[in-house]
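**Q** First, the structure itself, so that you have it in front of you.
The values are calculated or read from the model by the stated rules, or taken from the named source; none is laboratory data. These figures come from a predicted structure and were not determined experimentally. Here the Cβ positions follow ideal geometry from the backbone for every residue, glycine too, while neighbour counts run over all protein chains shown.
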């Protein structure tokens, strides 16, 4: 089962590192990523640019509404993600607890839906697209 681990943190509450501490923090993340790769569960991962670089798009009444920043008003911002292929949710939780970002932020775990071609083209799927 594939799970996405969404890494949320409040940028104003992020640790303020000295250059030496920053190098150590990066090394912690690299060690975590190496552990994931060695275990064979890592599918992909990426960091995101700061929330100040985000653009939100909505369509209302056939018109595009574009705004700077995130749509949701929240104290924590999405900063990156990992996609893991784990045996079950318990394994995914174990990996999330090891993630360095769990010490100052929140790790949201969500199963990734898989669709068969038959289901995607079926009447059932089309009827849900309202």
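**Q** If a residue has to be in contact (Cβ under 8 Å) with a residue 24 or more places away in the chain, in contact with a helix residue (DSSP H, G or I) (Cβ under 9 Å, 6 or more places away or on another chain) and assigned to a helix (DSSP H, G or I) to count, how many in region 72-108 make the cut?
**A** Adding up the residues that qualify gives 5.
**Q** Something else: Suppose we filter region 25-36 for residues that are more than 14 Å from residue 98 (Cα to Cα) and either loosely packed, with under 11 Cβ neighbours inside 10 Å or in contact (Cβ under 8 Å) with a residue 24 or more places away in the chain (or both); how many remain?
**A** 0
**Q** Of (1) out of contact with any helix residue (DSSP H, G or I) (no Cβ under 7 Å at 6 or more places or on another chain); (2) under 17 Å from residue 102 (Cβ atoms); (3) part of a strand (DSSP E or B), residue 58 satisfies all except one. Which?
**A** (2)
**Q** Also, quick follow-up: Kindly evaluate residue 43 against the criterion of being in a strand (DSSP E or B) and in contact (Cβ under 8 Å) with a residue 40 or more places away in the chain.
**A** Here the answer is yes, as residue 43 does meet what is asked.
**Q** Here is a further query. Could you count how many residues in region 3-24 are loosely packed, with under 15 Cβ neighbours inside 10 Å and either at pLDDT 95 or above or assigned to a helix (DSSP H, G or I) (or both)?
**A** 9
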